[in-house]
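Participant: Once you've had a glance at the structure underneath, I'll fire off some questions.
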Amino acid sequence: MGAASWMALRGEPEKAALFADVTSRAGVGFVNQSNPTPRKYLIESMTGGAAVFDYDGDGWLDIFLVNGAALRDPMAAGAQPDKSEPRFWNRLYRNNGNGTFTDVTRKAGVRGRGYGMGAIAADYDNDGHTDLYVTNLNGNLLYHNNGDGTFREVAAEAGVGASGWSAGALFIDYDRDGRLDLFVSRYVKWDFSMDIWCGERKAGHRAYCHPDQFQPVTHLLFHNEGNGRFRDVSAESHITRFPGKGLGVAMEDFDRDGWPDIFVANDSVPQQLFRNRGDGAFEEVALDKGAAYDSDGRSFSGMGTDFADYDNDGWPDLLADALATQRYSIFRNTKGAFDYVSDASGVGSASMLHSGWGLKFFDYDNDGWKDIFVGQGHVMDNIQLTEPHLRYLEPPLLLRNGRGKFVDVSGEAGPAFRTPRAARGVAFGDLNNDGWLDVVMNCNNEPAVILENQRVGGNHWVMVDTVGTRGNRDGIGARVRVVGESGGEQYATVSTASSYLSSNDKRAHFGLGRSNRVKLLEITWPSGKVQRMEDLAGDRVIRIQEP
């Protein structure tokens with residue numbers, strides 16, 4: 001039943017919804033199991049990520065959802081969360097190409113182990129099959145894609161198992177040698193022995209502890225040595241000089257010097273911008289470049305993040321959400337320096353009482369301007385006991401971009417935007433290959449949600465699927481420039497990373513508005529090669545191989 005018919009049955013005016021909840025129809029019955037305990041272990045509030053990627057190479061995006069694990073009350077010293085029960089497995093759903101999905105977790109061999117956090121997908125060994133990295137508490141997983149519908153877990157032999165509380169991750173060819181390297185954000189120094197009482201003792205209201213109770217930790221960078229092996233270069237790249245409390249991560253070339261940079265959304269400490277020096281090392285420049293604090297000079301609870309050019313000026317901007325009363329942050333890039341423009345852009349007022357997790361700049365209506373989606377919900381499941389004006393469960397937020405100014409259009413987005421949830425990881429991609437971007441939300445201790453774009457407005461589009469030859473096969477790091485028939489320009493850098501602990505469709509998507517042709521398509525590959533094509537038809541996926 002269409003969205004308009006559904007509204008008519010309820011006696012509401014018939015108006016096409018922007019998105020429809022198709023989870024049940026799609027056959028995705030995943031329910032995240034954070035396994036909350038009276039102890040309020042901090043890890044319970046933070047899982048889990050989502051990923052959309054084509055694992056079997058059939059041209060359709062599949063869905064991977066990260067899960068928690070069984071916890072005891074209390075957890076004994078040295079004990080590990082138990083993932084053996086099927087309800088705690090991570091899940092992989094194969095896209096059948098007809099709007100439905102099939103659970104292939106057991107066959108694919110990706111049920112996981114330990115307490116899961118996030119996921120990132122890319123072809124790290126350039127063999128033409130997309131691989132999957134899963135972040136956990138105390139040991140991550142690297143699933144090598146065998147190319148036959150199955151995966152082999154190789155984290156230990158590849159050298160990327162890591163330790164501590166890993167959170168976000170991204171594949172990035174930081175030295176442009178043609179092999180994808182791996183960056184991992186870590187959250188805080190924490191384990192189950194840190195059983196601190198937080199909350200109001202007199203009232204007996206125990207709560208999840210604020211991250212201020214725990215020390216920051218260093219992030220990790222692994223260099224791809226080839227032959228399936230990585231080397232930990234966190235120290236020599238200077239990444240370990242800058243500990244943080246990292247969650248969401250994203251990559252872009254913010255200063256357009258040809259070297260990809262990394263942004264880390266940090267929780268309640270300054271945000272981090274790692275500038276790639278081009279010599280194998282990074283420098284942390286968020287404060288110097290104006291991206292560390294909000295306009296009042298305060299840190300905020302950075303959760304999800306994205307790095308994209310929302311105002312079409314050719315310079316990638318930053319987006320990071322936060323907890324209620326802090327506002328979501330937009331940092332506008334002006335030739336390599338950032339200005340905090342949340343209030344001027346309309347994002348500040350729209351987000352003041354909301355708490356955000358997975359998010360992205362994405363052009364949901366294909367008008368050529370990147371809009372914003374945010375999966376929402378407070379971190380404290382009992383927040384209303386102490387702050388009655390706030391809510392733990394919240395519906396998602398949809399902000400439409402009107403040439404650099406954002407307006408809340410959640411009210412017309414459909415019933416799914418009136419349903420409160422505890423969203424965490426959100427992944428974005430075109431699940432049905434119709435050119436209109438869809439959304440997958442993993443919700444903490446709740447069912448996952450698939451939101452299908454209802455193609456309201458009839459605009460045109462183009463997607464660019466890059467295939468590297470001299471560089472990495474995915475083309476990650478390639479800069480794509482599209483010039484429409486009217487002369488308007490748009491830009492995107494190929495990446496699967498952004499949001500909160502999640503992985504997105506790697507195909508670069510562009511709305512074309514009323515025009516169905518592309519005047520110019522230009523790709524600057526990580527190798528430095530520039531490729532140009534003129535007068536291309538829209539409303540299709542253009543697969544482009546690096547010369």
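Participant: Match the structure shown to one of the listed values (i) 67, 62, 61; (ii) 68, 62, 51; (iii) 73, 54, 41 of Cα extents along the principal axes in Å, computed from it, and give that label.
Facilitator: It is the one labelled (ii).
Participant: Could you please tell me the mean projected area of the C-alpha convex hull for segment 30-83, averaged over all directions and given in square nanometres to one decimal?
Facilitator: About 4.7 nm², averaged over all directions.
Participant: Quick one: Debye curve from the alpha-carbon atoms of segment 316-392 only, equal weights, vacuum; give me log10 I(q)/I(0) at q = 0.13 Å⁻¹ to two decimals.
Facilitator: Result of the Debye calculation: -0.45.
Participant: Another one. Any chance you could look up the accessible area of Thr150 with a 1.4 Å probe, heavy atoms only, rounded to 10 Å²?
Facilitator: Probe radius 1.4 Å; accessible area of Thr150 about 30 Å².
Participant: At a 10 angstrom cut-off on C-beta neighbours, averaged per residue, how do the peptides 116-122, 136-142, 457-463 rank from highest to lowest?
Facilitator: Ranking the peptides 116-122, 136-142, 457-463 by packing returns 116-122, 136-142, 457-463.
Participant: Next question. Using just the alpha carbons, could you tell me how many Å³ per residue the convex hull of segment 202-256 encloses?
Facilitator: Here the figure is 166 Å³ per residue.
Participant: Moving to a separate point now. What share of Cα pairs, in percent, lie more than 21 angstrom apart in segment 97-169?
Facilitator: Summing the P(r) of segment 97-169 above 21 Å gives 27 percent of all pairs.
Participant: Note down the Stokes-Einstein diffusion coefficient of segment 25-135 in µm²/s, whole number, using a Kirkwood radius over alpha carbon pairs, 37 °C, and 0.692 mPa s.
Facilitator: 220 µm²/s
Participant: If you wrap a convex hull around the C-alpha atoms of segment 382-533 and split its volume per residue, what is the figure in Å³?
Facilitator: So the per-residue Cα hull volume is 149 Å³.
Participant: Let me ask you something else. How would Asp175, Asp535 line up by accessible area, probe 1.4 Å, largest first?
Facilitator: Solvent-accessible surface, decreasing: Asp535, Asp175.
Participant: If you don't mind, another one. Tell me, what is the per residue accessible area of segment 82-199 in Å², probe radius 1.4 Å?
Facilitator: Each residue of segment 82-199 exposes 34 Å² on average to a 1.4 Å probe.
Participant: Mind checking which lysines have their Cα closer than 25 Å to the Cα of Lys519? Skip sequence neighbours fewer than 8 apart in that chain.
Facilitator: Lys370, Lys506, Lys529
Participant: Percent of alpha carbon pairs in segment 370-421 separated by more than 14 Å?
Facilitator: It works out to 57 percent of all Cα pairs.
Participant: Quick check on packing: order 370-383, 50-63, 507-520 by the mean number of other C-beta atoms within 10 Å, highest mean leading.
Facilitator: Descending mean neighbour count gives 370-383, 50-63, 507-520.
Participant: Using 0.36 nm per residue, how much length does the chain from Asp434 to Gln80 gain when fully extended, once their Cα-Cα distance is taken away?
Facilitator: Once the chain is fully extended between Asp434 and Gln80, it gains 123.1 nm.
Participant: Report the charge-dipole magnitude of segment 1-159 in Debye, nearest 20, computed about the Cα centre from +1 at each Lys and Arg Cβ and -1 at each Asp and Glu Cβ.
Facilitator: Using only the charged Cβ atoms, the result is roughly 740 debye.
Participant: Only helical DSSP H runs with n ≥ 4 go in: add -39500 (n - 2.57) per run for the chain, normalise by residue count and round the 222 nm mean residue ellipticity to 500 deg cm²/dmol.
Facilitator: -1000 deg cm²/dmol
Participant: When only alpha-carbon atoms count, how far does segment 161-279 stretch along each of its three principal axes, as whole angstroms with the largest first?
Facilitator: So the three principal-axis extents are 59, 31, 19 Å.
Participant: If you roll a 1.4 Å probe over the chain with all protein chains in place, what percent of the accessible area is carbon or sulfur?
Facilitator: Result for the chain: 47 percent of the exposed heavy-atom area is carbon or sulfur.
Participant: Shifting gears a bit: What accessible area per residue comes out for segment 285-397, rounded to a whole number of Å², with a 1.4 Å probe?
Facilitator: Dividing the accessible area of segment 285-397 by its residue count gives 31 Å².
Participant: Here's something else I'd like to know. Using a 1.4 Å probe and ignoring any ligands, DNA or RNA, find the accessible area of Tyr187 and quote it in Å² to the nearest 10.
Facilitator: 0 Å²
Participant: Bin width 10 Å, alpha-carbon pairs only: give the P(r) of segment 437-484 as whole percents, running from 0 to the bin holding the largest distance.
Facilitator: Values per bin, smallest distances first: 18, 27, 33, 20, 2.
Participant: So, one more: Sort Lys189, Lys506 from largest to smallest accessible area, using a 1.4 Å probe on the heavy atoms of the protein chains.
Facilitator: Lys189, Lys506
Participant: Are there cysteines in the chain with no second cysteine's Cβ under 4.7 Å away, and if so, which?
Facilitator: Cys with no partner Cβ under 4.7 Å: Cys443.
Participant: Something else now. Please give the solvent-accessible surface of Asp279 in Å², to the nearest 10, using a probe radius of 1.4 Å with every protein chain present.
Facilitator: 100 Å²
Participant: Once the Cα gyration tensor of segment 404-475 is diagonalised, what are the square roots of 5 times its eigenvalues, in whole Å and ordered largest first, as equivalent ellipsoid semi-axes?
Facilitator: Each semi-axis is the square root of five times an eigenvalue, giving 28, 19, 12 Å.
Participant: Right, next: From the mean inverse distance of alpha carbon pairs (Kirkwood) and the Cα radius of gyration, derive Rg over Rh for segment 493-547.
Facilitator: 1.01
The values are calculated or read from the model by the stated rules, or taken from the named source; none is laboratory data. Given the structure is predicted, the values throughout are model-derived calculations rather than measurements. Heads up, the Cβs are rebuilt from the backbone with ideal geometry, glycines too, and the neighbour counts pull from every protein chain shown. Surface accessibility is based on the protein's heavy atoms, side chains included, excluding ligands, DNA and RNA. Shrake-Rupley method; radii C 1.70, N 1.55, O 1.52, S 1.80 Å.
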